[in-house]
Amino acid sequence: MSSSHGRFIWYELTTTDVEAAKAFYTKVMGWGTREAFMPGSRYTLFMTGDVSTGGLINLPQDAKAQSARSQWVGYVSVDDVDAAAHRVKELDGTVYVPPTDIADVSRFSVVADPQMAIFILVKWCDPGQRPIQSGRLGHVGWHELLTADWERAFAFYRGIFGWQKANTDVTSTSTYLQFSASGQTIGGMFNKPTTAPVAFWLYYFNVADIGVALDHVRAERGEILEGPSDILGGGKVARCADPQGATFALIGRQSDKGIGYFEREASCDSSTRTGRS
């Protein structure tokens, strides 16, 4: 089994308005953009310096017709896409797009866990094509699953990827499970609030100053859904939505010298007991 099996290695925003999304994230995250070739559709790369940090693509028309929403989706590396997709079905998950090849780039499959949180299985054709994922600024530093039943969800992902329990934070009202892949803690999961209609994956992007970033979220007509709230080890997190409704999160320090200084708006709860990779 390869060292990347079970690791998130790519992130993609499917959106109803590519140009608006480009303008929003370049301001909030400071990303550059670069156009890339994809058979049959336009594909934009978000760039941190000369390193790609994610992709941007239009929501397909058939998905729009079914009222699909703009969202960030994570790609998880597997050694065998076909075998992993078959295992998803065995564990009561859903395969939306069966294993498919994209030219000489990758083989992928769009799937969902039993509680309908969507993710993508992928294997790059060339191992050298794997993007560098790290805790660096502009990259995803944490992965969080908001689900209806975290114990059932963890059993599913352990069966697909071999994830292990890393640490469990238990309070009188909730449990937050941190999980690891290949020996590294990469995320957490917990039971979502009843106000969240569906289970989903939330990706935390590292920023240098969360106050400044949140100021840009507001200025660019995004929405701050929760936070900024303190996390263990220092720093703050905030959950946001872009103008097209795609949910994402920010993680970073906060300075009182930037234009985006915010007082703490909410106490730390189960959704902000976040670790960092």
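The values are calculated or read from the model by the stated rules, or taken from the named source; none is laboratory data. As the structure is a computational prediction, the values presented were derived from the model and not from experiment. A quick note on method: Cβ atoms are made from the backbone with ideal geometry, for glycine too, and the neighbour counts reach across all protein chains shown. Note: areas computed on protein heavy atoms with side chains; ligands, DNA, RNA excluded. Shrake-Rupley method; radii C 1.70, N 1.55, O 1.52, S 1.80 Å.
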*Starting from the stretch 1-24, take each residue that is touching a residue at least 12 places away in the same chain (Cβ under 8 Å) and outside any strand (DSSP E or B) and list its partners that are open to solvent by less than 20 Å² (accessible area, probe 1.4 Å) and of a type in the set (F, W, Y), counting only C-beta distances under 9 angstrom and pairs at least six apart or across chains.*
H5/F161; G6/Y157; G6/F161; G6/W163; R7/F161; K22/W31; K22/F46
*Going through the stretch 25-41 one residue at a time, which ones are in a loop (DSSP other than H, G, I, E, B) and either touching a helix residue (DSSP H, G or I) at 6+ places or on another chain (Cβ under 8 Å) or within 19 Å of I160 (Cβ to Cβ) (or both)?*
W31
*State whether one or more residues within the stretch 247-262 are closer than 21 Å to T15 by Cβ and surrounded by fewer than 22 Cβ atoms within 10 Å (Cβ to Cβ).*
yes
*Scanning the stretch 142-151 for residues that are touching a residue at least 12 places away in the same chain (Cβ under 8 Å) and open to solvent by 10 Å² or more (accessible area, probe 1.4 Å), which turns out nearest to S180 (Cα to Cα)?*
H143
_Scan the stretch 130-141 and tell me whether some residue there is in a strand (DSSP E or B), surrounded by 13 or more Cβ atoms within 10 Å (Cβ to Cβ) and either under 14 Å from the mean Cα position of the chain (by Cα) or modelled with pLDDT of 90 or more (or both)._
yes
*Pick out the one residue from F154, F205 that is assigned to a helix (DSSP H, G or I) and open to solvent by less than 10 Å² (accessible area, probe 1.4 Å).*
F154
*Looking only at residues in the stretch 78-110 that are in contact with a Ser or Thr (Cβ under 9 Å, 6 or more places away or on another chain) and among the acidic types (D, E), which one is most open to solvent (accessible area, probe 1.4 Å)?*
D82
*Identify, please: which residue in the stretch 15-47 is open to solvent by 20 Å² or more (accessible area, probe 1.4 Å) and polar (S, T, N, Q) and is, among those, farthest from the chain's Cα centre (by Cα)?*
S41
_Pairs with Cβ under 9 Å, 6+ apart, first in the stretch 76-103 and without any contact (Cβ under 8 Å) to a residue 12 or more places away in the chain, second surrounded by 12 or more Cβ atoms within 10 Å (Cβ to Cβ) and of a type in the set (S, T, N, Q)_ = T100/S109
*Answer yes or no as to whether Y75 is part of a strand (DSSP E or B), within 16 Å of I118 (Cβ to Cβ) and open to solvent by 40 Å² or more (accessible area, probe 1.4 Å).*
no
*asked:* Condition check: in contact (Cβ under 8 Å) with a residue 60 or more places away in the chain and of a type outside the set (V, I, T). Does S180 satisfy that?
replied: no
